[in-house]
Ligand code: B1M
């Protein structure tokens with residue numbers, strides 16, 4: 001089945017059709033990772049393009065996000081990684097001032113599937129909340145997502161707070177405007193451009 005149909009269903013904000021097409025693609029033997037990357041994430045890339053061009057506005061972005069989430073719900077059980085992983089807790093959230101949660105939830109889902117215990121703090125998370133929750137749950141890693149260039153300084157401040165606090169938590173960052181160079185600059189311990197890579201990075205950090 002062509003992934004374009006899934007892209008079109010998300011772009012039509014049709015949650016039921018998105019779910020149906022994702023289920024059908026799985027039944028036809030398409031890999032869950034292909035459906036995720038080429039179907040659901042591909043659709044959100046197009047949503048972003050249309051927003052940039054003034055063809056979509058915030059309500060359209062939201063409706064597309066809901067369709068994507070519906071499709072993700074179907075994929076979730078299929079995305080589990082087969083390897084045995086080290087035990088460890090990751091506290092994850094989108095940084096203060098940022099409401100984007102799809103990518104962050106995807107990372108959380110992949111980490112859970114890979115065997116990590118994940119405490120998902122949601123969006124708009126202040127630095128002191130990341131630290132308090134990491135302490136409460138005896139976490140190894142504090143993972144942060146940011147989707148806006150305007151919230152990158154908040155990510156930097158959060159990493160700095162974690163380092164200053166001395167709790168020994170490893171920090172991991174990601175999100176569309178985040179790069180390896182930025183991660184290095186702000187002193188984050190790990191960076192991944194995508195959710196699958198986040199699992200590799202988290203495993204590496206957990207084993208150090
Ligand atoms: Co917003 N938005 N948005 N938005 N939105 C973007 C990010 C934007 C690029 C659109 C555009 O202009 N083309 C633009 C940011 C521009 C910039 O800063 N450079 C933008 C803007 C401007 C805004 C508002 C300011 C619009 C407004 O109000 N005028 C506003 C800000 C609100 C706020 O946060 N304070 C806003 C609002 C929204 C909605 C609420 C409507 C909605 C979010 C709904 C939700 O998340 N529940 C929304 C959406 C849907 C988008 C786009 C279209 C899609 C984002 C998405 O979900 N992508 C987005 C355009 C785009 O990205 N193409 C856009 C799919 C997701 C799977 O990818 O999140 O990148 P992503 O996650 C990836 C990787 O980045 C990585 O793994 C994921 C999977 O591979 N990753 C990590 C993410 N976190 C990670 C953490 C890690 C590791 C990897 O380790 C910890």
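How much mean residue ellipticity at 222 nm does the chain get from its helices, if each DSSP H run of length 4 or more adds -39500 (n - 2.57) and you divide by all residues, to the nearest 500 deg cm²/dmol? Can you show the working numbers first?
On the way: 9 runs with 107 residues, N = 208.
Taking each H run of at least 4 residues, the total per residue is -16000 deg cm²/dmol.
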Taking every pair of alpha-carbon atoms in the chain, give the share separated by more than 25 Å as a whole percent.
38 percent
Starting from a Cα-only point model with no solvent, please compute log10 I(q)/I(0) by Debye for region 3-79 at q = 0.19, 0.22 1/Å.
-0.66, -0.86
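Stokes-Einstein D for region 89-207 at 20 °C, 1.002 mPa s, Kirkwood Rh over Cα pairs, in µm²/s?
Working: Rh = 13.4 Å.
Stokes-Einstein gives a translational diffusion coefficient of 160 µm²/s.
Assuming 0.36 nm per residue, please report the length gained on full extension of the stretch residue 149 to residue 181 beyond their Cα-Cα distance.
Values: separation 32, 0.36 × 32 = 11.52 nm, distance 1.44 nm.
This chain segment gains 10.1 nm when fully extended.
Every number here is computed from the coordinates shown, using simple stated rules; none is lab data. Since the structure is predicted, the reported quantities are computational estimates derived from the model, not experimental observations.
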